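> Please find one structure pasted underneath; my questions will follow.
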Amino acid sequence: MTEKRQNFKDLYLTLITREKKVLKYGISINIDLNNFDFEKENFSKNKIQTKINSKRFSLKEEKIKNQKVLFKNEIDKLHFSNLKKELTLTIPKNKILVDPIRINNEIQSDNSLQQISIKVGEGSEVTIIEVLKDKTKSKGLNTKFVNIHASKNSKVHYVHIQKINMNKLHYSRKIGVAQKNSEINWYDFSLGGKTSVSDVTTFLQGVGSKVDTQSIFFATKDQQFDMLGQAIHEAKETLSKVSGKGVVKNSSKALYRGNIFMKKKAPKSVGGQKGEILILDNQAEADAIPQLLIDNDDVKCSHAVAIGRIDSEKLFYLMTRGVTEEEAKNEVVKGFFETAIKNIKAESIAQEMRTEINQKLIK
């Protein structure tokens, strides 16, 4: 039976609404969006240079269909009102791609909007690595919407590395739909932006489908990060792992939220959520909010949160090896991120990430 192509805009309507410019969660972390004037900004000069390294597959520019959308906040409204076309990538069925497909995006305007939809055919497997860089140093808004449809028995590994300039507001929504026995693995790295809001949500619609969502971030100076990972179980025998791993330094703020929704029609499903955040300086702030919403008694769910400073005994051990306290802290942070970096199936990209982390450590 032919799968019905998912209308991703319908899925946007099911997500948690954020209506105000200050995202408040009833705790000490408030993500402030008021430094961006949504009404005065010009979106007519939207320029992002995009290149793909594959000779077998190409990105196609297509008109965005089904424009009727209930806008959830001002940024959603700006995105869909000003962006009329999206990039599409289609992987045919029964294609096992050993080499990753790399997509390089370079922002070349103050404000930039981009959307990409990826369809992976039945029985195929692909690794896609997207890197978002910024040629400008100006203030502005960058929106990034990603839609992934994993067909029956397919497997998708999607890595996104965001490193725009430290003056911009970055707003990202990534939505995945997993059909029967398919698997989606998200690795969402956030490094840049004065304020960065990232939402990764996966709908497990097929029996036996799986998702592993990892949100990884490193906030320094006065950066503010709001990271959300969600798994919505809509079929039986589905599996989700939702995790966040991050570091806050200087006077930065970060909030990580991990949500797992177990619907009535998802018996025999398993979900696990975990958040880990290291706080390096006294003025830095971080919090994590796990949430399990369960409408079925025949499921298994777990959650765990660990927020704190570097273990003093670990520092002491490293310092006995002849390194300074600062060097010891840096080594701990590198090791903390390495568990996530090793999931990148391209050594050149993994090395880029290590370099970026080293640069943030010395700033």
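> So for each of 275-288, 299-312 I average, over its residues, the number of other beta carbons within 10 Å; can you give me the resulting order with the highest mean first?
275-288, 299-312
> Then there's this: May I ask for log10 I(q)/I(0) of the chain at q = 0.06, 0.10, 0.11, 0.12 Å⁻¹, from a Debye sum over the Cα atoms as equal point scatterers with solvent left out?
-0.21, -0.61, -0.74, -0.89
> Which of GLN230, GLY140, PHE80 sits closest to the plus end of the dipole of the chain, meaning its Cα is farthest towards the positive end, when Lys and Arg get +1 and Asp and Glu get -1 on the C-beta?
The Cα lying farthest towards the positive end belongs to PHE80.
> Give the order of HIS79, HIS170 when sorted by the count of other beta carbons within 10 angstrom, beginning with the fewest.
On the way: HIS79 21, HIS170 26.
The order, fewest Cβ neighbours first, is HIS79, HIS170.
> What does the highest-first list of 102-112, 317-327, 173-183 look like by mean Cβ count within 10 Å? Please list the in-between numbers first.
On the way: 102-112: 19.8, 317-327: 11.6, 173-183: 23.6.
Per-residue Cβ counts within 10 Å, averaged per peptide and sorted highest first, yield 173-183, 102-112, 317-327.
> So for the pair LYS51, SER81, with labels modelled 7 Å out along Cα→Cβ, what separation do we get in nm?
In this crude spin-label approximation the distance works out to 3.5 nm.
> List the lysines whose Cα lies under 20 Å from the Cα of LYS137, skipping any in the same chain that are fewer than 8 positions away.
Cα-Cα hits under 20 Å: LYS40, LYS45, LYS47, LYS163, LYS168, LYS194, LYS221, LYS360, LYS363.
> By the scheme Lys and Arg +1, Asp and Glu -1, what is the net charge of all other residues having a beta-carbon under 11 Å from that of LYS174?
Spelling it out: positives minus negatives among the neighbours equals -1.
> Turning to a different aspect of this structure: Round to the nearest 0.05 the FRET efficiency obtained for LYS264 and VAL305 when R0 = 25 Å and r is the Cβ-Cβ distance. It would help to have the intermediate numbers written out before the result.
Numbers: r = 27 Å, r/R0 = 1.09.
After rounding, the FRET efficiency stands at 0.40.
> Test of understanding: what is the full-extension gain from SER58 to ARG354, defined as 0.36 nm times their sequence separation minus their Cα-Cα distance?
Details: separation 296, 0.36 × 296 = 106.56 nm, distance 2.87 nm.
Full extension of this stretch gives 103.7 nm more.
> What ranking of VAL197, VAL270 emerges when the number of other C-beta atoms within 10 Å of each C-beta is taken as an exposure proxy, fewest first?
VAL270, VAL197
> Can you put ASP222, ASP212, ASP188 in order, fewest other beta carbons within 10 Å first?
By the 10 Å Cβ count, ascending: ASP222, ASP212, ASP188.
Every number in this text was worked out from the coordinates using simple rules, so none of it is lab data. Small disclaimer: the values here were computed from a predicted structure and weren't measured. Note that we place each Cβ from the backbone using ideal geometry, even for glycine, and neighbour counts take in every protein chain shown.
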